[in-house]
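Here's the structure, in structure tokens; my notes come after.
Laboratory data are not the source of any read-out in this text; all were calculated from the coordinates shown. The structure displayed is predicted, hence computed values, not measured ones. Because the Cβ atoms are built from the backbone with ideal geometry, glycine has one as well, and the counts that use them run over all protein chains shown.
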Amino acid sequence: MTRSVTVRVPAKVNAQLAVGAPRPDGFHGLANVFLAVGLYDEVTVTPADGLTVTCSGPDAAQVPLDTTNLAARAAMALAGRYGLAPDVHLHIAKDIPVAGGMAGGSADGAAALLACDALWSTGASREELLALCAELGSDVPFSLVGGAALGVGRGERLTPIEVGGSFHWVFAVADGGLSTPAVYGEFDRLTTGTDVPEPTASAPLLAALRAGDTTALADALSNDLQAAALSLRPSLADTLAAGTAAGALAALVSGSGPTTAFLVADEESARKVAEALITSGTCRTARAAVSPAPGATIQRP
């Protein structure tokens, strides 16, 4: 029987996204507090005659099936490192919103990397896998690690963060996506002529995570890209207002958007806020999830 390997990988939310001025290499310096949340994609790799990608699940039609897909790029990167042919079929079972600011593409890249490493028995160290992740994209290393971490540089240099409890979230999925480069471009336009401070992690936010204090975390959430996302998609303000009116403790755009994130007190509050968001007509759907969640994990039979 043909052997295959399946890896489950979580979405992420940015509890803090502090963005600095553009660097000479075109990237922005970041202080990015990542939390992995319990919405998952699964990537299954199976030996094949060549490299192919398929995808199923919500919005699968929006996922590229060529070598621009991060899962395909991950397979090629690992194969290239070890002198192998990237002859695998990659199947992505999507449940993370597509182009929604929750690192779904990055998650698939991390999952494919871990799955191909197991399939090919390359023996790559964790450090090698993280280095390959960083080459693939700024959010990919965190998708491999999961849990909670501070990402600096362009977000790829990670330091684990202690979390003292679970946090309940609701994510409102918008119609259509937002281009991350376009959102950063709008951030640059909006901050032209201003003194953009060096990004640093928020001490109150880190303390709230350590204490497992939902109320304190709600007060400390921030996203420097939110104004840019709202400028490009003004209707997101209605979604944020609907979630807040329904009882969310805090509301913010998730990463570069257009998914919006709502921190709530508990599971029952999450149910109520999700229902209210769906009936408000300001989003396509709403999903409840808990953080932190484990990173990319091989699923045992």
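As a test of understanding, state the convex hull volume per residue of the chain from its alpha carbons, in Å³.
Numbers: hull volume 38.7 nm³, N = 301.
Normalising the Cα hull of the chain by residue number yields 129 Å³.
With 10 Å bins from zero, work out the P(r) of the stretch 112-236 over every alpha carbon pair and list the percent per bin.
For the stretch 112-236, the binned pair fractions read 10, 29, 36, 21, 4, 0 percent.
I need the peptides 266-279, 244-257, 188-201, 25-38 ranked by packing, meaning the mean over residues of other C-beta atoms within 10 angstrom, with the highest value on top. Intermediate values should be presented prior to the final figure.
Working: 266-279: 17.3, 244-257: 22.8, 188-201: 11.7, 25-38: 20.6.
Going by the mean number of other Cβ atoms within 10 Å, highest first, we get 244-257, 25-38, 266-279, 188-201.
Give me the orientation-averaged projected area of the Cα convex hull of the stretch 5-161, in nm², one decimal.
Averaged projected hull area, Cα only: 8.8 nm².
When the helix-only estimate is applied to the chain (DSSP H runs of n ≥ 4, each -39,500 (n - 2.57), divided by the residue count), what is the mean residue ellipticity at 222 nm, nearest 500 deg cm²/dmol?
Numbers: 10 runs with 104 residues, N = 301.
For the chain, the value works out to -10500 deg cm²/dmol.
Ranked highest first by average number of other Cβ atoms within 10 Å, how do 107-115, 12-20 line up? Don't skip to the end; give the middle numbers.
Values: 107-115: 31.9, 12-20: 25.9.
Final packing ranking: 107-115, 12-20.
Among THR68, THR239, which comes first, second and so on when ranked by fewest other beta-carbon atoms within 10 Å? Don't skip to the end; give the middle numbers.
Details: THR68 10, THR239 25.
The most exposed by this proxy come first: THR68, THR239.
On a C-alpha basis, how far is the centre of the stretch 241-279 from the centre of the stretch 118-178 in Å? Whole number, if you could?
23 Å
Using a Förster distance of 25 angstrom, determine the FRET efficiency expected from the C-beta separation of ASP266 and ASP175, and round it to 0.05.
Details: r = 29 Å, r/R0 = 1.16.
E(calc), rounded to 0.05, equals 0.30.
Using just the C-alpha positions of the stretch 167-291 as equal point scatterers, what log10 of I(q)/I(0) does the Debye formula give at each q in 0.13, 0.14, 0.16 1/Å?
Listed by q, the Debye log ratios stand at -0.54, -0.62, -0.79.
Going highest first, how would you order 219-231, 83-95, 137-149 by mean Cβ packing within 10 Å?
Details: 219-231: 20.0, 83-95: 18.3, 137-149: 25.0.
Highest to lowest by the protection proxy: 137-149, 219-231, 83-95.
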